[in-house]
Amino acid sequence: MKQICILFLVLFTRYTYSQQTITYNATDGISVTADFYEAKSSDQFIILFHQAGWSRGEYKEIAPKLNALGYNCLAVDQRSGGAVNGVQNETNAVAKKKGKKTEFVDAFQDLEASIAYVKNTYKPKKLIIWGSSYSSSLVLKYAGEHPDSLDGVLSFSPGEYFEDKKFITKSAKHIKIPVFITSAQNEKKSWASIYEAIPSDKKQSFRPKTKGNHGSRALWAKFSDHEEYWKAVKIFLKTI
């Protein structure tokens with residue numbers, strides 16, 4: 001019985017995390033809201049960006065699992081979004097109230113602010129950025145524009161979702177760090193040219209054998225193929 005209790009304590013400790021909602025400013029003064037999921041005694045960090053029409057709530061289930069893998073996480077509300085999993089996008093609400101634009105491209109400054117905030121506040125030894133749908137394109141853009149500032153990038157269902165249909169591909173040509181791209185089974189045509197443009201020999205891609213799902217929600221436990229996605233993610237993270 002004592003051994004069982006010790007094992008339970010070890011497992012429980014491994015999967016515990018603390019969550020705190022924080023705010024910081026983008027360069028145009030808009031207050032950005034994010035949830036900080038702390039993995040105790042870790043100097044590794046993943047910043048999580050949501051898909052269109054959603055909020056930081058996309059990562060309510062995902063972030064604690066990343067904590068268990070040893071990563072602190074910051075799940076960010078970008079100004080282009082709405083609500084999901086009962087979590088309202090506060091950054092979007094502030095931006096609208098102040099009359100700011102909330103198109104996909106306008107959210108890039110929220111990515112920049114979030115990365116700067118994490119670097120200045122937590123000073124992580126390892127920093128990874130992660131995007132979903134439109135933000136998965138923006139994280140690739142950032143990685144290309146700042147090729148020496150990150151340790152890795154994960155992109156769930158990227159594409160050229162902008163007026164300039166080579167907006168992301170042009171930046172992808174300059175990515176040096178490890179890159180992971182995944183999507184639903186039928187979405188490869190949306191990101192194939194972007195992936196091809198990435199010169200890094202550390203890039204990986206994954207498509208499920210099943211239909212799969214768009215964006216980071218592919219990792220939600222409600223979907224029967226979520227473990228296949230998680231396996232691919234874990235394999236990639238081990239290479240960074």
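The values are calculated or read from the model by the stated rules, or taken from the named source; none is laboratory data. Bear in mind the structure is a predicted one, so any value in this text is a computation, not a measurement. Cβ placement follows ideal geometry from the backbone for every residue including glycine, while neighbour counts extend to all protein chains displayed. Note: accessible area is taken over every heavy atom of the protein model, side chains too, but ligands, DNA and RNA are not part of it. Shrake-Rupley method; radii C 1.70, N 1.55, O 1.52, S 1.80 Å.
Annotations for the structure displayed:
- Given +1 at the Cβ of Lys and Arg, -1 at the Cβ of Asp and Glu and no other charges, the dipole of segment 73-149 around its Cα centre is 200 debye to the nearest 20.
- The share of alpha-carbon pairs in segment 52-91 lying farther apart than 11 Å comes to 59%.
- Farthest toward positive dipole pole in the chain [+1 Lys/Arg, -1 Asp/Glu at C-beta], among Val84, Pro124, Gly70: Gly70
- Counting only protein heavy atoms and a probe of 1.4 Å, the accessible surface of the chain is 52% carbon and sulfur.
- Surface per residue (accessible, 1.4 Å probe) for the chain, Å²: 47
- Segment 71-114: C-alpha gyration tensor shape, a/c 1.5 cut-off, then a/b vs b/c: oblate
- The chain - percent relative contact order, Cα under 8 Å, separation 6 or more: 14
- Cross-link pairs exceeding 31 Å between alpha carbons, from the set Lys141/Lys231; Lys60/Lys231; Lys119/Lys166; Lys123/Lys222: Lys123/Lys222.
- Segment 91-172: C-alpha gyration tensor shape, a/c 1.5 cut-off, then a/b vs b/c: oblate
- Segment 92-240: C-alpha gyration tensor shape, a/c 1.5 cut-off, then a/b vs b/c: rounded
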